[in-house]
Amino acid sequence: MREVSPRELVAVTGERVPVPDPARLVHLQFRRFAGCPICNLHLRSIVQRHDEISAAGIREVVFFHSPADELREYDLPFAVVADPGKRYYREFGVESGGRALLHPRTWGAILRGSALTLRGRFRPPAARQEGGRLGLPADFLIDPSGRVLAGKHGGHAYDQWSVDELLAHARTAVAGVTPCGVRVRAPG
């Protein structure tokens, strides 16, 4: 996918989210399901550095294939979009598969995320996941004109951009002015 057509997403809070955003880069993240220990571990790093991400001119939008009612229980400082029918997952080519949990890098994330869940730091997932438990993550960085500046389809469940990788993509992509003439603040 090279370009995203304009749309307005609705976050689980009711907030309307324009994609592309006319004034900032948009980082679309596709996660697995509400309460996924792996997703919780990753999103904790996004929450901890959210001010830095915002200061870099990036708006976070996170998709889950869980129903909105399950996602409303989470207090996250960015837009969360419920996509239980996986409409946007299909549109962006985000897949599921048995390899999601087989990679050794995933095992450590499962253990750390599960330990934090058991200690009460994260909410546990619902027992039944209609969208399945074998989802793969994906990341897309979109400029104000809708152009996809960078993208990644994860090869396993813990294969996504780190905050440092996201910020590096933003710095590389935003060398002053975007193609549509909107100035986007670079980090620093």
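Scan the stretch 62-77 for residues that are touching a helix residue (DSSP H, G or I) at 6+ places or on another chain (Cβ under 9 Å), among the hydrophobic types (A, V, I, L, M, F, W, C) and surrounded by fewer than 20 Cβ atoms within 10 Å (Cβ to Cβ) and the total you get is 1.
For the stretch 114-136, does any single residue satisfy the condition of being of a type in the set (V, I, T) and either surrounded by fewer than 16 Cβ atoms within 10 Å (Cβ to Cβ) or modelled with pLDDT under 95 (or both)?
For the stretch 114-136, residues of a type in the set (V, I, T) and either surrounded by fewer than 16 Cβ atoms within 10 Å (Cβ to Cβ) or modelled with pLDDT under 95 (or both): present.
Of all the listed residues (R31, R59, R2, R24), the sole one being among the basic types (K, R), open to solvent by less than 10 Å² (accessible area, probe 1.4 Å) and touching a residue at least 12 places away in the same chain (Cβ under 8 Å) is R31. There is at least one residue in the stretch 9-31 that is closer than 20 Å to K152 by Cα, part of a loop (DSSP other than H, G, I, E, B) and touching a His at 6+ places or on another chain (Cβ under 9 Å).
The values are calculated or read from the model by the stated rules, or taken from the named source; none is laboratory data. Computed from a predicted model, the values in this text were never measured in an experiment. Because the Cβ atoms are built from the backbone with ideal geometry, glycine has one as well, and the counts that use them run over all protein chains shown. Please note that ligands, DNA and RNA were not included when accessible areas were found on the heavy atoms of the full protein model with its side chains. Shrake-Rupley method; radii C 1.70, N 1.55, O 1.52, S 1.80 Å.
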